1. Label segment B:226-365 by shape, choosing from rounded, prolate and oblate, from the square roots a ≥ b ≥ c of the eigenvalues of the Cα gyration tensor; if a/c is under 1.5 it is rounded, and otherwise prolate applies when a/b is larger than b/c, oblate when it is not.
2. Gain in length, B:E258 to B:R197, computed as 0.36 nm per residue apart minus the alpha-carbon separation, to one decimal in nm?
3. Figure the gain on full extension for B:L376 and B:V225 (residue separation times 0.36 nm, minus the Cα-Cα span) and round it to one decimal in nm.
4. Order of B:S341, B:S294 from fewest to most other C-beta atoms within 10 Å?
5. For the ranges A:72-82, A:95-105, what's the packing order if you count other beta-carbon atoms within 10 Å of each residue, average per peptide, and put the highest first?
6. In nanometres, what is the gap between the two model label sites at A:D176 and B:W387, each 7 Å from Cα along Cα-to-Cβ?
7. For segment B:287-318 and segment A:107-168, what is the separation of their C-alpha centers, rounded to whole Å?
8. Provide the FRET efficiency to the nearest 0.05 for the B:R354-B:H190 pair, computing r from the beta carbons and using R0 = 41 Å.
Amino acid sequence: MNALLMMIGAAWAGGFSAEVAYTSAYGPDAYGVSHLQAAHGPDLEIGVLGVGGTQPGLLATAARTLALTERFEVRGELQVGMLRAFGPSLGFDAGCRLSLAPLDVVAEVGALPGMGARGAAGVDAPLGGGWGLSPRLRLETWAGDRDPALRAALGARHVGPSGWWFGLEASAGGRDVLHMGPGVAASFGRMR
Amino acid sequence: MSRTACPPIPLAATVIALAAGPAVAAPSTAPDTAPVSAPPTEDVSPSPTASEVLLADGARLIVAAAAPLWPGERRSVYLAEARPDPRDGSLVEGWRYAGDGRVVWVGEGVVELALAYPLAGDAATSAILRAPLDAAPTAVWMPQAPPPVEVPAADGLTAPEVQSAEAPPRREGPRAFGRDRGGVALGDVHDAPFYGRGAALRVTGGYAGDGFDSGLGLGTASWRVRPARGPGLVEVGVEGLWGQRWLEGEGTESYGLEPAVAYRVWSRVDSPGVGLAVIGGLGAGVGAEGLGVSGLVGLRSGHPDATRVEVLYEARGGLGGRLSLDGRVAVRDALRVGARSRVGDLPRHDGAFRQLRADGAAVLAADLGSSLTLELAAGAGGYDLLWADAGFVADGALEVRW
């Protein structure tokens with residue numbers, strides 16, 4: 001119901017993003033993520049985050065982005081909701097973006113008690129024609145608060161003239177060389 | 001929480017296809033900054049060092065660019081317009097900062113810019129685009145030449161010194177919460193009276209189940225005021241709270257239920273900010289635990305009756321407390337949808353029981369008229385993410401304004 005209303009709201013409001021991802025670390029550590037967000041107003045996002053797999057959860061999210069300078073901006077996200085077999089939880093994500101044309105350097109960290117912690121760093125590189133590449137390096141204990149896993153990811157995105165965009169990402173990694181697995185993610189949305 | 005490749009434009013940005021005029025910049029060395037220090041002139045045609053694009057309504061957008069433009073580059077975008085010089089009243093054409101744009105695509109005679117705010121359709125953006133030519137200068141619009149600065153000469157006389165056109169651009173400071181990317185003040189709640197009504201009577205009621213017979217019923221009646229100045233919102237009300245809570249049993253019974261009832265008067269005050277507002281409140285009442293006080297602290301980003309996010313923590317003495325995250329998107333002027341999630345231990349059980357529970361609900365708020373708003377919320381809650389153990393959550397609010 002939440003997701004449906006948010007989708008309706010997002011479509012009306014014009015700006016939204018939807019993301020579906022599955023990540024496996026070969027073994028018990030596997031999770032899927034679906035995150036639907038509506039964006040409206042100056043740098044404000046409201047969304048619903050669903051996590052499935054080793055540690056399922058359902059949370060409401062709210063994020064705010066603040067441009068500290070012309071080239072540097074920070075983003076904070078608050079997550080409030082429920083995790084299965086853990087109970088209520090309150091988490092956050094914090095990130096920053098440094099624009100060094102033509103590259104953007106991005107970094108983010110986050111933690112959600114009961115689910116784990118995660119951090120990522122990488123760049124957004126434009127290729128032309130609305131296409132871009134986004135290599136990332138991630139360190140995470142999602143989803144199940146297990147040993148840290150290191151993952152390398154490469155994403156591609158395209159922004160169309162009408163504001164619609166989509167992205168695909170493939171990743172690989174795990175806790176060690178014996179416990180590695182693939183990950184895929186797809187996202188799309190419309191900027192407004 | 002974005003885990004995949006994100007588009008380069010942060011958050012709510014819009015892609016505007018600017019497909020008219022000599023769109024692609026000629027080779028230049030123009031800095032990517034506001035040309036506030038260019039020499040004064042009455043006939044200021046668009047700089048040949050910049051890209052000029054024409055909007056449908058005739059407005060001219062200028063992209064200060066060191067050509068060629070590359071997709072992915074971020075450029076400051078300026079709106080060219082003529083306004084009276086505040087010094088002598090003469091009409092001077094200037095560039096006004098209209099936001100940051102990221103080049104999405106460059107084609108034959110066409111450049112597509114993904115414009116971040118303030119050109120994204122909010123009120124401030126519309127005001128900028130529709131600004132009449134003879135409007136008074138705003139804080140973000142500046143004549144192209146600063147006034148001369150008098151500096152003492154070595155021989156004791158004063159000699160005028162005009163600021164150099166090559167003066168380095170002023171570095172931008174952190175953007176305040178109350179300003180958008182263009183530096184335009186978002187205003188406060190006083191600037192946007194809700195249908196011109198300043199006071200309201202608000203009645204709320206609902207039930208939050210937890211799947212274990214220890215849910216919580218809550219009803220309030222309050223008087224809400226939006227002062228013309230000072231605090232953004234002042235509210236006082238009365239509240240009744242009914243529920244059940246678990247307690248350790250004695251003898252053969254290992255546990256039992258007892259009523260959790262309380263009545264209290266409470267208050268709430270919001271600061272007037274829209275970018276970020278602080279919320280606080282106090283209350284006092286009597287409940288199953290006797291006389292007690294209650295408190296409320298929180299933050300809000302956005303207008304209270306439009307798109308906004310609100311984080312609140314309410315503590316009700318010995319009965320427990322609850323943290324709530326409530327986000328709403330204004331999909332129409334009179335319709336807002338959103339999601340709400342609450343975690344807490346209200347009512348607090350007595351004994352070794354699980355205390356914390358969470359509920360989530362979809363929220364719908366509709367202005368049925370200029371003086372009437374109806375809010376509805378529905379969802380589920382409990383101690384775990386199991387549908388079998390979940391209770392329903394349903395509540396509503398009716399606000400009558402005058």
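Please treat every number below as a calculation from the coordinates, not as lab data. This one's a predicted model, so the numbers in the text were calculated from it and none came from an experiment. Cβ atoms come from the backbone with ideal geometry, glycine included; neighbour counts cover every protein chain shown.
1. Here segment B:226-365 falls in the prolate category.
2. On the way: separation 61, 0.36 × 61 = 21.96 nm, distance 4.32 nm.
Separation in residues times 0.36 nm, less the Cα-Cα distance, equals 17.6 nm.
3. Working: separation 151, 0.36 × 151 = 54.36 nm, distance 2.15 nm.
Full-extension gain reported as 52.2 nm.
4. Working: B:S341 30, B:S294 21.
With the fewest neighbours first, B:S341, B:S294 line up as B:S294, B:S341.
5. Working: A:72-82: 21.5, A:95-105: 17.6.
Order by mean packing, descending: A:72-82, A:95-105.
6. Placing both labels 7 Å along Cα→Cβ, they lie 4.0 nm apart.
7. What the calculation gives is 35 Å, centre to centre.
8. On the way: r = 45 Å, r/R0 = 1.09.
After rounding to 0.05, the efficiency reads 0.35.
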